[in-house]
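Okay, so here's the structure we're looking at.
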Amino acid sequence: MTGRAKPDFTDKAGELGLRLIVGVYLILGALYATQTPAWQVPDEPAHFNYVKYVADNRKLPELRLGDYPAQYLEELKARRFPPTMSIEPIRYESYQPPLYYMLAATVYVPAESFFGLPMPLTLRALSLLLGAATLIMGYRLVRSIYPHEPLLALGTAAFAATLPMHLTITAGVNNDVLIELLVTLIIGRLVTMTPSDWTARRAFGLGALLGLAFLTKMWAYVAAGVTAFALLWDLLQSRQLAAPLTWRLVLKRAGIMFGVAALVALPWLVRNVYVYGPGDPLGMARHDQVVAGQLTTAQYIAQHGLLALAREFVLTSFRSFWGQFGWMGVLLDQRLYLALALASVLAFLGLVLYGVRVTRGTVSTDPQTRRGLALMLVWAILTTAGYLWYNTKYVQHQGRYLFFAIVPWGLGFTLGLRELLHSKPRLILALSGLVAGVLLAWGAVTGDIKWYSILLIVLAAVGIVGGQWLERLRPGMAIVLYYAGIAVFSVICLQVYIVPALHL
């Protein structure tokens, strides 16, 4: 008699690990949501006022001149948003697509009218639930790429669940959390597809999701770009199949997808044409008029020069990716940023080593895994390109805009760490010794020896070698301990930096 196949142990272990990570995320998120003072998440007052307007008036707001009172906002931030100063004039997000705000309004109305739940805490709780859903979708996505390596999927989820700045954003009121979820859901579906899966029904479903994403935030272009790339990839790769895709079929499927997406977004676009004029269906021209006092990149270059802009862009982007809290006014100790920079460089080095091995064919990867990695790479590139483009117009050096590709960053970081843990110890020790020696020699010449940097390098080398020993003893435990350390670091950021700096 044939019995039912037993679940794979790795599947059960992976699901258990995922539940643990989501639980840790919800605990950390709850701490951030309750202990970060109201309105001390970037742009939170403007997002909240959009939700409140929809809930109170049953219609969308219009962005008007005066909705970005720059001086008043600066005073609010300087005085830490005292209860005596109203946030009502802060309405500069009113041009945004409406889906998140309509969803949040359905929570706001009963919470405010029937249950008397506190605001913005209740809407922050909604954000946390959306963030938890993104963790689950991100885990499923990476398991589709690496079905037999649950540690990589767990590491990806753990990266997003413990990153301090990501916790800050997903514990605030904003539409970022919903677009993260929708983009992850769309690309997750793409990763599981094969050339034979491009049916009209699938194209219609993807188009509907793309339309919802465009109704959430303009960063939906990332999902659209990855979708187009996936379709092109499958067209080229299917030539060796018995029933390959054809250009005609690809154009039909693309027409269905983007046509459906346009139809879903059409009512909002028509409304914008009526409100803002035929030449401004996205409301961007009105936005530029309203935020006229915001510092532009051209102004910064004129005042400080291009080199200063590049330096500030790199430093602030990195800091605000890991943790630059409040309205970018609460920074960590510089020594912590240096440690994070070293960890990032090491993970990147490991990722490069992994990429070299994949290219040379020394890593066993099937076509579906290579396809999934290609989609992850395009996802990361398009997100970075959008961030760079945005900063050509305004000085917006905020690493949180890179969180729209939090899954590729988490996967890349975890792959890099794992690669280092499986590298030859002699390579790590030799490289660490070389860098430490150069720093020591340079410091002796200049009279300024960077003892802290040298100590960090030595500790990192010892940590990697120790991690390699632990990896041989208990595979995966070193990465578990690393992300546990980041979770503890997130609590330190909250209690040592955020709470003392932002509370009245």
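The values are calculated or read from the model by the stated rules, or taken from the named source; none is laboratory data. Computed from a predicted model, the values in this text were never measured in an experiment. Using ideal geometry, Cβ is built from the backbone for each residue, glycine included, and neighbour counts are taken over all protein chains shown.
Numbers for the structure displayed
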{"quantity": "Segment 469-494, residues that are free of Cβ contacts under 8 Å to residues at least 40 places away in the same chain and closer than 21 Å to Gln324 by Cβ", "calculated": "Gly485, Val488, Ile492"}
{"quantity": "Residues (surrounded by 22 or more Cβ atoms within 10 Å (Cβ to Cβ) and closer than 17 Å to Ala374 by Cβ) located in segment 212-229", "calculated": "Val222, Ala223, Val226, Thr227"}
{"quantity": "Checklist (1) within 30 Å of Ala285 (Cα to Cα); (2) touching a residue at least 24 places away in the same chain (Cβ under 8 Å); (3) β-branched (Val, Ile, Thr) applied to Val109, failing item", "calculated": "(1)"}
{"quantity": "Residue check, Leu434 over 20 Å from Asp176 (Cβ atoms) and buried (at least 20 other Cβ atoms within 10 Å of the Cβ)", "calculated": "no"}
{"quantity": "Pick from segment 408-430, criterion over 30 Å from Thr383 (Cβ atoms) and either part of a helix (DSSP H, G or I) or small (Gly, Ala, Ser) (or both), ranking: nearest to the chain's Cα centre (by Cα)", "calculated": "Ile428"}
{"quantity": "Criterion (part of a loop (DSSP other than H, G, I, E, B), surrounded by fewer than 21 Cβ atoms within 10 Å (Cβ to Cβ) and at pLDDT below 95) met by exactly one of Arg4, Arg64", "calculated": "Arg4"}
{"quantity": "Selected residue [in a helix (DSSP H, G or I), in contact (Cβ under 8 Å) with a residue 60 or more places away in the chain and within 22 Å of Met218 (Cα to Cα)] from Ala157, Ala125, Ala161, Ala104", "calculated": "Ala104"}
{"quantity": "Whichever residue in segment 67-84 is among the hydroxyl-bearing types (Ser, Thr, Tyr) and within 27 Å of Ala285 (Cβ to Cβ) and, among such residues, is surrounded by the fewest Cβ atoms within 10 Å (Cβ to Cβ)", "calculated": "Tyr72"}
{"quantity": "Residue identified as of a type outside the set (Ser, Thr, Tyr) and within 30 Å of Gly466 (Cα to Cα) among Leu382, Leu402, Leu420", "calculated": "Leu420"}
{"quantity": "Subset tally (residues that are within 25 Å of Met328 (Cα to Cα) and out of contact with any Leu (no Cβ under 7 Å at 6 or more places or on another chain)) for segment 93-118", "calculated": "3"}
{"quantity": "Any hit, segment 448-464, residues being more than 19 Å from Asp333 (Cα to Cα), without any contact (Cβ under 8 Å) to a residue 24 or more places away in the chain, of a type in the set (A, V, I, L, M, F, W, C) and touching a Gly at 6+ places or on another chain (Cβ under 9 Å)", "calculated": "yes"}
{"quantity": "Contacts under 9 angstrom Cβ, first residue in segment 239-252 being in a helix (DSSP H, G or I), partner among the charged types (D, E, K, R), 6 or more apart", "calculated": "Val250/Asp234"}
{"quantity": "Residue satisfying all of: in segment 350-370; in contact with a helix residue (DSSP H, G or I) (Cβ under 7 Å, 6 or more places away or on another chain) and surrounded by 14 or more Cβ atoms within 10 Å (Cβ to Cβ); nearest to Ala461 (Cα to Cα) among these", "calculated": "Gly350"}
{"quantity": "Lone qualifier among Leu209, Leu167, Leu185 - being surrounded by fewer than 24 Cβ atoms within 10 Å (Cβ to Cβ) and either part of a loop (DSSP other than H, G, I, E, B) or under 15 Å from the mean Cα position of the chain (by Cα) (or both)", "calculated": "Leu185"}
{"quantity": "Residue in segment 160-182 that is out of contact with any Leu (no Cβ under 7 Å at 6 or more places or on another chain) and more than 20 Å from Val407 (Cα to Cα) present", "calculated": "no"}
{"quantity": "Close pairs (8 angstrom Cβ cut-off, 6 or more residues apart or separate chains): closer than 19 Å to Gln398 by Cα in segment 277-306, among the polar types (S, T, N, Q) anywhere", "calculated": "Thr297/Asn391; Thr297/Thr392"}
{"quantity": "Residue that is surrounded by the most Cβ atoms within 10 Å (Cβ to Cβ) [pool: residues in segment 85-116 that are modelled with pLDDT under 95 and of a type outside the set (Gly, Ala, Ser)]", "calculated": "Glu112"}
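Yes or no, residue by residue, for (1) crowded, with 16+ Cβ neighbours inside 10 Å; (2) part of a helix (DSSP H, G or I); (3) touching a strand residue (DSSP E or B) at 6+ places or on another chain (Cβ under 7 Å); (4) not polar (S, T, N, Q):
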residue: Leu231; (1), (2), (3), (4): yes, yes, no, yes
residue: Leu236; (1), (2), (3), (4): no, yes, no, yes
residue: Leu266; (1), (2), (3), (4): no, yes, no, yes
residue: Val270; (1), (2), (3), (4): no, yes, no, yes
residue: Gly279; (1), (2), (3), (4): no, no, no, yes
residue: Gly293; (1), (2), (3), (4): no, no, no, yes
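A quick yes/no check of all residues on (1) modelled with pLDDT under 95; (2) more than 30 Å from Phe413 (Cα to Cα); (3) not acidic (Asp, Glu):
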position	(1), (2), (3)
Gln240	yes, yes, yes
Lys252	no, yes, yes
Arg271	no, yes, yes
Asp280	no, yes, no
Gly283	no, yes, yes
Leu315	no, no, yes
Arg319	no, no, yes
Trp322	no, no, yes
